Structure formats: structure tokens, C-alpha cells
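Take a look at the structure below.
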Amino acid sequence: MNIKQYFLLALKSIRTSKLRSFLTMLGIIIGVASVIVLVSIMNSFSGEMSSTFESFGAHLITVNIFGRSSNRTVSAEDLYEWVDAYPDQLRFVSPFIASPVTVKNGTKSLTTTLNGTGEDYDKIRNKEVENGRFLGYIDMERRQKVCVIGSYVATELFGADDPVGRQVRLGGDIFNVVGVLKETGGGLQGGDDDCVFIPYTLALRMFRQMSGVYYLSASDGNQVDSAAALLRSKLYQVYQSDDAYRVASMNEMLTQVNELLGMMSSILVGIAAISLLVGGIGIMNIMLVSVTERTREIGIRKSLGAKRRDIRGQFIIEAAVTSALGGTLGILLGITGAYLVGRLLGFTVVPTPTAILMAFSVSAGIGILFGYFPASKASKLNPIDALRYE
Amino acid sequence: MIRLEDIYKIYNTGENEVRAVDGISLTIQKGEYVAIVGQSGSGKSTLMNIIGCLDVPTAGRYLLDGDDVGALSDNKLADIRNRRLGFVFQQYNLIAKLNVLENVELPLQYGGYSARQRREKAEGALARVGLLDRLHHLPSQLSGGQQQRVSIARALVSDPSVILADEPTGALDSRTGLDVLQFLTQLNEQGNTIVLITHDSKIASMARRVVNISDGKIISDEPSAAPA
């Protein structure tokens, strides 16, 4: 007999006992569907993470300086000099000082975060100005009392009015609002939109402290690692110690997050794989029952000239077809499930072709693997005993 | 063409040994119509299983068309059952979920014939038993006599050297049973070698040669008293 005939036979046998075949497939269906849903969710989630990180600024490098000593120090001016000296690696730098502050417009007031930054901060962190302008070089030079406010602060203090050109009170001083940032963090309290930016030169004087945090951007996405290395060597020259500073690039953080996500997804897939295994055992179980039930049929077939491999082939292919059919239904269920879960979680979950292909071949493989034992048992039946079986 | 030399089939070797076939030698020529008769437990079914290559003897030599069957592998035995032997069983032994045509095609499938050849040969065999109008019926939709004719068609389809009929009328009423027997006689007249196993000496008398078996031994072997 050839493969095609085995397939027809298998389909016939599945058709004649639909309910049983469906129940047999159920384990595989659930296993395959859960593999697809979980892998798709993890993939989309890590995609989502990457794009979130990118919105922070893909070329971003963060420098933290903890080391303070009288004779060795790195100032904002030093960093600006380095950026000018190494245009191949570095493009922008901005010092960063943050402090809580109360901001008032007349009687309305709220507590928010005051950020003292350089004029390039908006480019480094991908901030866009909705209205007006961002802080400028001249503001730094002259320590002008100007500020740019986040969208949350703007709506809280000015409602629907345009804040540009108006004045707010920060601490004890009056500041001119020169710009409003575009909403990026969902316009929520405590989020990215709940902050006020002022020139860092002014912030240094107001808080009487040094800046310890600098944001830099690499000249190019491929230069992030070499730029980070450059900064590390420069800082080492000054401090002669690794403990005085920390340089972190978004790239490195992204790699770490991806590693973590990868680990999580392999754990989840592992759990789903266990349900596939259980499904496979279900198939083996039902095939064993089926072999016992069809002992007489096997005897008849053998008396008519079926060889061992014919009987084995018949049962293995039946198991594989059952399993692969279950796999196909599982894929359909998995794709539907992935879209539904995606809508529920609020991001697009796209099932990957690799996940689908893997799920299908694993399920067919499970059928062959777990069908082999019952099939081989069937093929070894003695024709007379099988014929006499009632 | 069938040559049994001192065949033994012994179960439970040791204390309670049962000698189902106890030293039988028998030769059947091409074109013969032989009935093997015996009470139940006489060993006739075991003998037929050995002739049918469904069972192997404990001792002795079995030559089929000159080939020593005892020396053959499982696969070769399957080939012999497929090409050289045709079985007609008491319980018909049709596969319930296959229709008449598919049941008759079954030996040809294992013999590796193409779909067209299978169809042609199966229809030819069904024409000989007069069931061409029932090709797509399931066995359960046929009468006992019709089912037995399907199983005869299945036995004939691969042009076997020998047709082995094990109590072919056992499950039929006497009239349809007679039809089946007459059909076997007809097949023999067309040149087929037939071995009929039965407990009923009246049925055995339809054959040309009657071999009586008791306790695993041949007690008589003579031409039929009243050949049909």
C-alpha cells in the first residue's frame, strides 16, 4: 500500500468516529493554541518594549557621576567639550537635575518635577514641542527664568488656554512659559507629561548642587557602544576608578530586557509544551484502545496479505493525521486567541509564522512518536489470534 | 502443489501438551476439490491455518508450489497469503466500515495494484458472484448469503492457487448454504483448487475427495461417495 491509501484510510477512520477523534485531538488543540498565543504575546510584548525604549531615545547614553573630590571632577563644560571633540561618536549632551517643586498659576497650584536640562535635551530624549519652543542656548548662558511645561501641567494650570507667553511661579520666582511639550506619557499625573523644564544653569544655582546625571546621544545607532566605551575611558582617566561613575546605554538595557523576556517566553513555552506532551499521551492512549478494538480487522487484513509495515503504517499515519488535524485546529484557535488577547491587552499581537510552523510540525511529530508504540503493537499481532479475537 | 510432510502442531509443550495436529502428511494436486472433515477439536481448523500460512507448524515440512513455507519470513508469508491463497471464513470476516467494492479490493491494495487495475479485477470477481449491483453497499446492508459471496469474491480476486473455505456455510441457512456450495463446485469446475473444512460429512460429500480427521490424525482419505 502507498502513503496516499494510508491517508485515505486514516481520514475514513477519523470520519467514522468524529467525537472520539475530536476528544483525542483536544489535548493537541489546546497545546498548540497555547504555544501560539504565548509565543505571539511574548513577541509582541518585546516588540512593544523595544519601541518604548526607542521612544526614550534609541541613541541614548546615560552617565551618572557619584564621585566627588576636590581635585578630580568632571563638569558639564567637560562633557560639552568631549561632544565637540568626538563628533564621530557623540552628538548631544545635556546635564540633568531633577527636584520636586510646587508650580503655581494664580491660585491654582500643583506639585511636579522640576527638570534642569540643557538646550539639546529635547533632541536627546525625543521630546517634541507642541506649542512655542524648547529651551535655547541663550537661556543657558543668561540663566533666563523661562520654562517649558509638560502637557499635564499645562492642562492642570491653564485648562484649555494657551500657556505660552504666560507666567508661573516656581518656588519663589516668576518664570515665563516659552513652550508646551507634546503629550507622550498618556497625560497622567506622575508620568512623563507631569514636569517642568528650566535651564540647567539656573537649576544649579537654585539648588546649589552639582549635576550628577548627564544624558548624551550617540552620533549614530551603530555608534552607541563605541560612544559608551569612549565615555568610560574618558571618565576613568579623570577618576582612576570604576566606582565613581556609571555609563549605561539604552542598547545595553534593551539587550538585558530582551534577555529577560526571552527567558520568560521559554518558560511559558515550556509550560505549553507540557500540555502538548499530555495531548500526545492522549493520542497514544486512544490509539491503543483503537488497536484493541480493531484486532479482528487487523487479523483480516493480515490474512489478506498485509505485512507488518502495512499495519504499522496504517496506525502511525492515523495517529499522525489525527494529531496534525488537531494541530491545524489548534493553530486556528491560537491565531484567534492571539488576536483576542491582543485586543484585551491593548496592543497588536501578531502570530509569527515560525510559531505556527513549529506548532504544526511538533504536533504531527507527536502523533508519529506516540502512534508508533500502538502501531507497532498492532503490527506484531499473530494473524490467527487476531482473527479469533471477539 | 500442497504437500504436507509429517506436520505436528503441539500446544503447551510439556505436561499438558495438546497435539492439535499429530503427524499429518497430505498432498493436494492442482484442480482438486478436497473436503477436510472432523468433529470440533479434531484439529481440522489448526490444519487449515497451517495450510493457509496463518500459523506455523511445530514440526514438519510444508511445501506450497515447491516452496518450503517453514523457512520463509513474516513478509514472505504475507506475500503468499496475498497472492497464492484465498480465504472464505465462516463469519465472512468483511471489514464493516468498507463497502463491498473496497472489501474486495483489499487484497489487491496489499498486492500493489494500481487503482484502475484494482477496480477492474474487483468488479470482475464481483460479477462472478453476481453482486455487481451492490458495489457501494456496506456489509451490514447485505444478507448473510450475499456477504459470503462478497468474501468469495475477495478470495477470488487475486487469482489464488488455492481457495481455503473454513465452514463457509456455518452461519447460513441450508438453502443459501447450498447456493454457496454449488458456487464452490462451479469454481472448481473452472479450474480452481479448493480446500473445504467442515464438520458436516453431508457438506463434505459435495467435494471430490474427503479427508477425515480425528484427534489430529488422518483416519481416512478417499474419493467422495457422491460427487456433486
Of the numbered conditions (1) of a type outside the set (Lys, Arg); (2) touching a Lys or Arg at 6+ places or on another chain (Cβ under 8 Å); (3) surrounded by fewer than 17 Cβ atoms within 10 Å (Cβ to Cβ); (4) free of Cβ contacts under 8 Å to residues at least 40 places away in the same chain, B:TYR113 satisfies every one except a single condition; which is it? (3)
Matching residues, the range B:1-31, being open to solvent by 40 Å² or more (accessible area, probe 1.4 Å) and within 19 Å of B:VAL162 (Cα to Cα): B:MET1, B:ARG3, B:GLU5, B:SER25, B:THR27, B:GLN29, B:LYS30
Kindly check whether there is at least one residue in the range A:333-344 that is of a type in the set (Val, Ile, Thr) and within 14 Å of another protein chain (Cβ to nearest Cβ). no
Unique match (being assigned by TED's automatic domain parsing to the domain that holds A:GLY313, open to solvent by 30 Å² or more (accessible area, probe 1.4 Å), touching a residue at least 24 places away in the same chain (Cβ under 8 Å) and small (Gly, Ala, Ser)) among A:SER13, A:SER34, A:SER44, A:SER40: A:SER34
Of the numbered conditions (1) open to solvent by 30 Å² or more (accessible area, probe 1.4 Å); (2) touching a residue at least 40 places away in the same chain (Cβ under 8 Å); (3) in contact with a helix residue (DSSP H, G or I) (Cβ under 9 Å, 6 or more places away or on another chain), A:TYR214 satisfies every one except a single condition; which is it? (1)
Counting residues that are under 25 Å from A:VAL238 (Cα atoms) and open to solvent by 30 Å² or more (accessible area, probe 1.4 Å), which strands (runs of 3 or more DSSP E) fully inside the range A:78-157 reach at least 2? A:90-105
So, A:GLY313, is that one free of Cβ contacts under 8 Å to residues at least 24 places away in the same chain, over 28 Å from A:GLY212 (Cα atoms) and within 14 Å of another protein chain (Cβ to nearest Cβ) or not? no
Filter the range B:32-66 down to the residues that are farther than 19 Å from A:ASN382 by Cβ and open to solvent by less than 30 Å² (accessible area, probe 1.4 Å) and list them by number. B:TYR33, B:VAL34, B:ALA35, B:ILE36, B:VAL37, B:GLY38, B:SER42, B:LYS44, B:LEU63, B:LEU64
Tally, over the range B:1-42, of residues that are under 18 Å from the mean Cα position of the chain (by Cα) and acidic (Asp, Glu): 1
Is it the case, given these coordinates, that A:GLY326 is open to solvent by less than 20 Å² (accessible area, probe 1.4 Å), without any contact (Cβ under 8 Å) to a residue 12 or more places away in the chain, farther than 25 Å from A:GLU48 by Cβ and in the same structural domain as A:ARG20 (by TED's automatic domain parsing)? no
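To keep it simple, each residue is scored yes or no on (1) closer than 14 Å to A:HIS59 by Cα; (2) in contact with a strand residue (DSSP E or B) (Cβ under 6 Å, 6 or more places away or on another chain).
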residue: A:VAL196; (1), (2): no, yes
residue: A:LEU204; (1), (2): no, no
residue: A:SER219; (1), (2): yes, yes
residue: A:GLN223; (1), (2): yes, no
residue: A:ALA227; (1), (2): yes, yes
residue: A:LEU230; (1), (2): no, no
residue: A:LEU235; (1), (2): no, yes
residue: A:TYR239; (1), (2): no, no
Reported set for the range B:84-104 where residues are facing another protein chain (nearest Cβ under 7 Å) and open to solvent by 50 Å² or more (accessible area, probe 1.4 Å) is B:LYS97
For the subset of the range A:284-310 comprising residues that are among the hydrophobic types (A, V, I, L, M, F, W, C) and under 24 Å from A:LEU19 (Cα atoms), which member is nearest to the other protein chains (Cβ to nearest Cβ)? A:ILE298
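The values are calculated or read from the model by the stated rules, or taken from the named source; none is laboratory data. None of these values were measured; they are calculated from a predicted model. In this analysis, Cβ positions are derived from the backbone assuming ideal geometry, glycine residues included, and neighbour counts consider all displayed protein chains. Heavy atoms of the whole protein, side chains included, go into the accessibility calculation; ligands, DNA and RNA do not. Shrake-Rupley method; radii C 1.70, N 1.55, O 1.52, S 1.80 Å.
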